[in-house]
Amino acid sequence: DNSSFGGNIMMELMEGLPDNVLGIIGSGTITGEDYDTVLIHAMKEKLQRHKKIRMLYQLNKNFMHYAPDAYLEDAKVSWHTLSFEKVAVVSDVHWINDSVNVFKFIIPVQVKVFNNNEFDKAKAWITE
């Protein structure tokens, strides 16, 4: 029962990455509000300083699902794909990895999928 956390944020920013890399960790149930308060906000901030940014997006072991409103926010983020230079998705969730691999062909961005045990590899690729 998550109510004791008082609206636990299920999306956090990663520390210690280069300034042009946006690192996001998702867990539990990700909502549209998480997108707005964490992801979109951080993205806009970085795009003021960089023409193109990179994203390292990890769904950790506790990730359960996206709330329905998160899908709408996901679409909003997709409009920004032109601002992304490369995107690394780290997750052990098969349908997410599969859908990312499908989208790879329609978005003009370098995208790579990694498993959680390859996190260091993903980090190396996104910062190279």
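Taken together, the values in this text are just the output of simple stated rules run on the coordinates, not laboratory data. No experiment lies behind these values; they were computed from the predicted model shown. Note that we place each Cβ from the backbone using ideal geometry, even for glycine, and neighbour counts take in every protein chain shown.
Summary table
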quantity: Over 20 Å between alpha carbons, listed pairs LYS61/LYS86; LYS52/LYS112; LYS46/LYS123; LYS44/LYS121; LYS61/LYS104; LYS86/LYS121; calculated: LYS61/LYS86; LYS44/LYS121; LYS61/LYS104
quantity: Label zone at ASP98, where the point sits 7 Å out along the Cα-to-Cβ direction: the range 112-126 residues whose backbone N lies under 14 Å; calculated: none
quantity: Neighbourhood net charge (10 Å Cβ-Cβ; Lys/Arg +1, Asp/Glu -1) for VAL109; calculated: +3
quantity: Efficiency of FRET from Cβ geometry, PHE105 and GLU128, R₀ 22 Å, rounded to 0.05; calculated: 0.45
